[in-house]
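To keep things clear, I will list the structure first and then write my remarks on it.
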Amino acid sequence: MHGSKIQHRFCGREFSTEEVSLIQEVVDTCAGISQNELANTVCELLEWVRPNGKLKTRECLDLLAQLEDQEILKLPDKRQVGNSTPRRYKAEVQADTPYSKLTGSVEEFTPLDVERVQTQEQRDLFKDLLGRYHYLGYAMPFGARIQYLVYVTRPRREVVGCLQFSSPAWRMKSRDQWIGWDDNRRAEGLQQVVNNSRFLVLASIRNLASAMLSTVLRHLKTDWERQYGISPLLLETLVDRNRFHGGCYRSANWIELGETTGRGRMDKANRHRSDRVKTVLVYPLVKNAARRLREGR
């Protein structure tokens, strides 16, 4: 962060006051995950990577230990170390037992009420709903994240959806080509791209998905700036083409860029799987988003 006071130097990198505060926030808010997961999250958030793009997890673990020794933060129990992937939660749900019985048109239920997930009660509800009703289940995302619960208030207050926004994919061919940036610019500007990594609709209400998306996006940019001190320029999402058409995104003017290669985000074996190919869509939050990301202005 340009112009920020340097507070900490470690392993050849200088960490600003704001970056150390972000590290503290990750440790404080990501309760229940291992030290390895914390290190991966911090590396992604601060883009602390090797020249080949791999996260500096080992160095970050040492940094976290040093910050704990200096009583700057308190790490989770070391017995949890060793899990380098997001902790997943998925429960079985019967197909004939939908969460909500509400039906009709979304106009009958608007305005929708949006709650940002911040309390333990909200986190537990969000995790439970994703774990039971989203086909991917719930997983603690790497990097930055903001989560929302969406409610209707009539005929009674009831949760009807969940949305999660988190750190973007490090590389994504169609997105990177659309922006037109090189590796250096991508490394500098990637934090200004945000991924809509979970979208769950819990009621069979017509046009609810589109209404949820537009309502939440009115909050996201400001919330992200307040949380991370970064102004996002572009949203991205991946739609499983074998399950969904992505109509709510298309009707909201998201731009289809192409498809992924079929590799997972953390795939180290470079294996293509046709069942993992997803449609890539983006939504500019500002005018000339691609140019600003490409040129750094």
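Observations on the structure shown:
- If you filter the stretch 179-216 down to residues that are without any contact (Cβ under 8 Å) to a residue 60 or more places away in the chain and hydrophobic (A, V, I, L, M, F, W, C), you find that the one that is farthest from SER105 (Cα to Cα) is VAL194.
- Residues that are of a type in the set (S, T, N, Q) and under 14 Å from the mean Cα position of the chain (by Cα) were ranked within the stretch 216-244; the one that is modelled with the highest pLDDT is THR237.
- Among the residues of this structure, LEU136 does not count as one that is outside the structural domain of CYS43 (by TED's automatic domain parsing), closer than 23 Å to PRO232 by Cα and either surrounded by fewer than 17 Cβ atoms within 10 Å (Cβ to Cβ) or out of contact with any Leu (no Cβ under 7 Å at 6 or more places or on another chain) (or both).
- Search result, residues across the stretch 202-215 that are surrounded by fewer than 22 Cβ atoms within 10 Å (Cβ to Cβ) and within 18 Å of the chain's Cα centre (by Cα): SER214, THR215
- Listed by position, the helices (runs of 4 or more DSSP H) contained in the stretch 158-257 that have at least 2 residues being farther than 18 Å from GLY53 by Cα are 173-179, 208-228, 247-251.
The values are calculated or read from the model by the stated rules, or taken from the named source; none is laboratory data. Note that this is a predicted model, so its numbers are computed, not measured. Using ideal geometry, Cβ is built from the backbone for each residue, glycine included, and neighbour counts are taken over all protein chains shown.
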